[in-house]
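See structure below.
Please treat every number below as a calculation from the coordinates, not as lab data. What you see is a predicted model; the values in this text were computed from it and never measured. Virtual Cβ from ideal backbone geometry, glycine too; neighbours counted across all protein chains shown.
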Amino acid sequence: MREAAQAAIANEKKFEDFFAKAAAAFDTPDPVPQETDTPPEIDSVVDVSDPDERADKKILDPDKKAGRNAALRKAGRQAGAKDDFKSGGAGAGVKGAGSTVVGALNILTFYKMKKRAGFVGSRGVAHTLAGLRLFSDGLRIHMSGHSFGARVLTMATLALNGSKQATPNTLCLIQAAFSHNSFSPRVPKPQGGYFRPVVGKKFVSGKMIVTHTHNDKAVTIAYSIASAAAGQNAAAGAPSIFGGLGANGTQHTDEATGIKMQAPGSAYDFSSKEIYNLEASAFVSGHADVRNDGVAFAICSAMGA
């Protein structure tokens, strides 16, 4: 696909043909599993939809091709912005025609995975968690998700709407691939982040941890390019208007504080805040480097807090 995109870059019509075919491939609906058992009646799960999906669809709308191409080229130019990279945004390393290729492929992958994560979290995981508590009252539920999996669990927590029947005890977001403004009460204006109720209404009974590092190029660079191209989270703020949780931790959120990820055997103090941004550069060398003692110890410490 990359070779086809590179060949198409020089010609606007060829690029349109390439993008249309790629978009169709990425936007193919996932197969719907056949239910073999009737799930229990659960009143605690509310129907939630992701407003960002409307912005995603604009990228794939054939009637919006001029704006889309401009957005992709702008994202490519942002990829060369050294200052933005330092602040956890769409940073350096992708230039020229290749940036348009990367922008196109990233936004398509981003759209597909983000849509899937929202659907699975709100329709599948939320009902499963509520069902578990129906069959085992008092069961402690500790949730840990990586990348878009972190979005799955956060969407599930939002859908559960603070129900005591299914409220998770902890929520650990490991190199999460969604906006660092998601939990903010004030950014973007006027309503704040989409997942603000998870924090503001205390939908998690215990602690939340968010691991982050700029060693994670997938979130620090690729995620923010895709987010910029989709026009999402375009509100004033630092360190970057399009930054991700896995790069910067949660931003503009009074309930959060930042500390270093600790070595196993150390003592975490999780007594003062609800969310802890754990700067993980000493333990996480890249997006997938999360199966290590430092990350495991942080998760277990949150569970015991």
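A few comments on the model shown:
- Amide H to amide H, with H built 1.01 Å from N, Ile209 comes under 5 Å of Leu171, Cys172, Leu173, Tyr276, counting only residues 5 or more places away or on other chains.
- Surrounding net charge for Pro168, when Lys and Arg each add one and Asp and Glu each subtract one, Cβ distance under 11 Å: +3
- Net charge in the neighbourhood of Gly206 (other residues with Cβ under 14 Å of its Cβ; Lys, Arg +1, Asp, Glu -1) is +3.
- Calculated from backbone phi, Karplus (6.51, -1.76, 1.60) coupling profile of region 122-133 in Hz, x at Gly/Pro: 7, 9, x, 5, 4, 5, 4, 5, 4, x, 4, 5
- For Val187, nonlocal amide neighbours, meaning residues 5 or more places apart or on other chains whose placed amide H falls under 5 Å from its own, are Gly192, Gly193.
- With the simple spin-label model, which puts each label point 7 Å out from Cα in the Cβ direction, the Leu134 to Ser272 separation comes to 4.3 nm.
- Around Phe183: net Lys/Arg minus Asp/Glu count, Cβ-Cβ under 14 Å: +4
- For Gly244, the amide hydrogen comes within under 5 Å of the amide hydrogens of His180, counting only partners 5 or more places away or on other chains and with H modelled in the peptide plane.
- Lys, Arg +1 and Asp, Glu -1 on Cβ, resulting dipole of region 165-221 about Cα centre, debye, nearest 20: 240 debye
- On the basis of the beta-carbon distance and an R0 of 22 Å, Asp293 and Ile259 show a calculated FRET efficiency of 0.80.
- Potential extension, Arg186-Met303 segment - 0.36 nm per residue separation minus Cα distance: 39.2 nm
- Couplings 3J(HN,Hα) for region 213-222, derived from phi with the Karplus relation 6.51 cos²θ - 1.76 cosθ + 1.60 (θ = phi - 60°), are 6, 6, 5, 7, 5, 4, 8, 5, 10, 4 Hz, where x marks Gly and Pro.
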